[in-house]
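Q: Can you keep this structure in mind? I'll have questions shortly.
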Amino acid sequence: MMKEKVRIVSITAIKGMNDILPGEVETWQFLEQSAREVFSLYGFSEIRTPIPEKTELFCRSIGETTDIVEKEMYTFSDKSENSLTLRPEGTAPVMRAFIQNRLNNLDPVSKLYYMGPMFRYERPQKGRYRQFHQLGVEVVGVEDAKIDAQVLAMLHQYFVRIGITSVSLQVNSLGCPQCRPGYRQALITYLETRLDMLCGECQRRYQTNPLRVLDCKVPGCQTATADAPSVLDHLCPSCHDHFGQVKKYLQALEIPFVVNARMVRGLDYYVRTTFELVTDQLGSQNAVAAGGRYDGLVESLGGPALPGIGFAVGLERLVLMKGDQQVAPAAPQLFIAAMGQEASEQAFVLMSQLQAAGVRTEMDYLGKSLKAQMRRANKLNAEYTLILGEEELQSGQAQLKNMSDSSQTTVMLESLVATLLEKLG
Ligand code: ATP
Ligand code: MG
C-alpha cells in the first residue's frame, strides 16, 4: 500500500514584521554600535524599558486624535483584562521610566538613549513596517537652546559616522501652550474657507487637529494649505527668542539646516523646536529621523515639571539608504581543511585552541572532500587555510596558505596558535 504523503504547511512571520538575517544583521550591528559610540561621547547612557506598556500611557502622551493612537496601535487585553499596547514609539516609555525611577534625583540633567523594536499597525511598504526599529535619545531637565543644538549636532555627527550624508535637516518651532492656541485658531479659520478642497479625513479632523492638515499627503490638501498662516508668525516672544537661539547655535556649530514652517509632527506632546532629517532616496517614506521638544510631557504624566527634547531614527530606513554598502559578515581568519578521521579530530582540537586564543577559525564537519572544503574556505573568504593530512600529523608541520596572495609558509602545529596570532597582528 502506498503511504499517503501529508503536506506540512510551514508557518510564516506576521505581515509587516521581518527577520533580520546573517548578511544583513552586520549592517544593523554597525548602525547600533556607531550609535552607542557617538551617544556615549556626548554623555548619554542607555535605558531599556519593556516593550508592552499600559495603553493609557500612549493615549495620554501621544494624544487621542493622532494617527498613532487612532489607528496604528497594537493594543490587546492580557489574561487579567488589562489593556496593554506594544510600544509604538520610545519617548513615552522612557518618560514613564524616568518618573517612576526618579532619575532627576541622580542628576539634574538626564541624557538617555534607547534602541529596539516599535510596533505600528500601518500598511506595509518599502520603509514602512509593522514591527520596525528605532534608536533614539532623550534629554530631560534643560530648557536652554544649547541643548536643542547639541542634540541636533549629535544627530548630525551620527550620520557622518555611519556615512550617510545625503540627508537634510529641517527645523521648525511649534510654539508653546501660550501661543499655539492662537495659531491653531488662525489655522482653523483659514481652513474653514477652503473646506471643500480638503480630503475627507482632513474635513473630519481640521477642528480637532488642524496642524495635521499641513502634513497631509493628499494633493488637494497641499494646495489648500499653500497659503496657510505660518506658525512662525504666531510664536510668543519667548518661543520666538528660543527658536532664534537654536538657529544661532546651529550656525555656530556649522550644522546645515533649513527652516520648514510647514513641518508639524504627528505627536501631540511636541512644543517649540521640532525637526526631521529627510532624504529624497526613499519615496514618500522620506523621514529617516525626527524629534523635538516636549516640555510639558513629564509633568502631564505625573512627574516633575521638567523640559525635555529628543529624537528617534528609523533603522530600516537607514539600512535601505546604505544600499549596496552593506557591512560584510566577519570572515574566518583560518580554515582548517582536514583529510581523514584522525586529521579531522586533530583539526577539531586545534580549532578550539585557536578560538579560545581569539582567532576566528572554521573547519568542515560533514566529511567533505578536500576540494569541497577548499571551495567552502574560499566562499567564506577565509584569510588563511591550513591543510591537515596523515603526513602533516606525522611530521608535526603543515602548509599555511595566505588566501589573498596564495603564498605558503611551513608552520609547526605545536606553535600554530602563536604563529597565527603573530601573522594576524
Ligand atoms: P512617517 O511620516 O514616515 O509615518 P512618523 O512621523 O510617523 O514617520 P516618527 O513617529 O517621528 O515617524 O518616528 C521616527 C522615525 O521612525 C521616522 O522618521 C521613521 O524613520 C521611522 N518610522 C516611523 N514609522 C515607521 C514604520 N512604520 N516603519 C519603519 N520606520 C518607521
Ligand atoms: Mg507615521
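Any read-out appearing in this document is the output of simple, stated calculations on the displayed coordinates, not a laboratory observation. In this text, all values refer to a predicted model and were calculated from it rather than measured experimentally. Cβ atoms come from the backbone with ideal geometry, glycine included; neighbour counts cover every protein chain shown.
Q: For Glu24 paired with Glu56, estimate the spin-label separation in nm (one decimal), with each label point 7 Å from Cα along the Cα-to-Cβ line.
A: With each label point 7 Å from Cα toward Cβ, the separation is 3.8 nm.
Q: Quick check: the angle from helix 145-161's long axis to the longest principal axis of the chain, C-alpha only, nearest 10 degrees?
A: The angle comes out near 30 degrees.
Q: If each residue of separation counts as 0.36 nm, what is the full-extension length gain between Asp233 and Ile188 once their alpha-carbon separation is subtracted?
A: Between Asp233 and Ile188, full extension yields an extra 14.7 nm.
Q: For a quick check of your reading of the filter: which GluC sites (Glu not before Pro) in the stretch 105-186 sit in a DSSP loop and have no more than 16 other Cβ atoms within 10 Å?
A: Answer in residue order: Glu122, Glu143.
Q: By how many degrees, 0 to 90 and rounded to 10, does the Cα axis of helix 180-192 deviate from the longest principal axis of the chain?
A: Compared with the principal axis, the helix lies near 80 degrees.
Q: A follow-up question, please. Over the stretch 328-382, what is the mean sequence separation of C-alpha contacts under 8 Å (at least six apart), divided by residue count, expressed as relative contact order in percent?
A: Rounded, it is 49 percent for the stretch 328-382.
Q: Quick check: pseudo-label points 7 Å beyond the Cα along Cα→Cβ at Arg262 and Asn82, how many nm apart are they?
A: Label at Arg262, label at Asn82, 4.4 nm between them.
Q: Also: Please give me, ordered by residue number, the GluC sites (Glu not before Pro) of the stretch 330-425 that lie in loop per DSSP and have at most 12 other Cβ atoms within 10 Å.
A: Here no GluC sites (Glu not before Pro) fit, given the DSSP loop and packing criteria.
Q: Loop only per DSSP, at most 14 neighbouring Cβ atoms within 10 Å: give me the GluC sites (Glu not before Pro) in the stretch 41-79, ordered by residue number.
A: Qualifying residues, ordered by number: Glu64.
Q: Below 19 Å Cα-Cα, how many Lys pairs turn up in the stretch 334-424? Only count pairs eight or more apart in sequence, or on different chains, if you could. Mind dumping the intermediate values first?
A: Details: Lys368/Lys379; Lys371/Lys379; Lys371/Lys401; Lys379/Lys401; Lys401/Lys423.
Number of lysine pairs found: 5.
Q: Reachable aspartates and glutamates from Lys15, Cα under 16 Å, same-chain residues fewer than 8 places away excluded?
A: Hits, sequence-local ones excluded: Glu72, Glu122, Glu316.
Q: Additional query: Which residues make up the longest stretch of the chain that has no trypsin sites (Lys or Arg not before Pro) in a DSSP loop with at most 12 other Cβ atoms within 10 Å?
A: 218-425
Q: How high is the relative contact order of the stretch 334-424, in percent, counting Cα pairs under 8 Å that sit 6 or more residues apart?
A: Answer for the stretch 334-424 is 30 percent.
Q: Please report, in debye to the nearest 20, how large the charge dipole of the chain is about its Cα centre when each Lys and Arg carries +1 at its beta carbon and each Asp and Glu carries -1 there. Show your work: numbers first, answer last.
A: On the way: 44 positive and 48 negative charges, 206 e Å.
That gives a dipole near 980 debye.
Q: In addition: Would you mind calculating the gained length between Thr409 and Leu195 on full extension (0.36 nm times residue separation, minus the Cα-Cα distance), in nm to one decimal?
A: 69.0 nm
Q: Further question: Can you tell me, using C-alpha contacts under 8 Å and at least 6 residues apart, the relative contact order of the chain as a whole percent? Intermediate values should be presented prior to the final figure.
A: Numbers: 698 pairs, mean separation 66.1, N = 425.
After rounding, I find 16 percent.
Q: What is the antiparallel percent of DSSP beta bridges lying wholly in the stretch 334-424, to the nearest 5?
A: Details: 8 of 16 bridges.
The antiparallel proportion sits near 50 percent.
Q: Work out how much length Asn381 to Thr208 would gain on full extension: take 0.36 nm times their residue separation and subtract the Cα-Cα distance, in nm to one decimal.
A: Gain on extension, Asn381 to Thr208, equals 56.4 nm.
Q: Nearest 5 is fine: what % of DSSP beta bridges in the chain come out antiparallel, could you say?
A: Bridges in the chain that DSSP calls antiparallel: roughly 80 percent.
Q: A further question follows. Quick one: if the Förster radius is 56 Å, what FRET efficiency do His240 and Val349 give, using the C-beta to C-beta distance and rounding to 0.05?
A: Step by step, r from the Cβ atoms, then E = 0.15.
Q: Measure nothing fancy, just the Cα-based angle from helix 370-379's long axis to the longest principal axis of the chain, in degrees from 0 to 90, nearest 10.
A: Its long axis makes an angle of about 20 degrees.
Q: Do any cysteines of the chain lack a neighbour Cys whose Cβ is under 4.7 Å away, and which are they?
A: Cys59, Cys176, Cys199, Cys202, Cys239
Q: Distance in nm between label sites at Glu254 and Gln100, each 7 Å beyond Cα in the beta-carbon direction?
A: Placing both labels 7 Å beyond Cα along the Cβ direction yields 4.4 nm.
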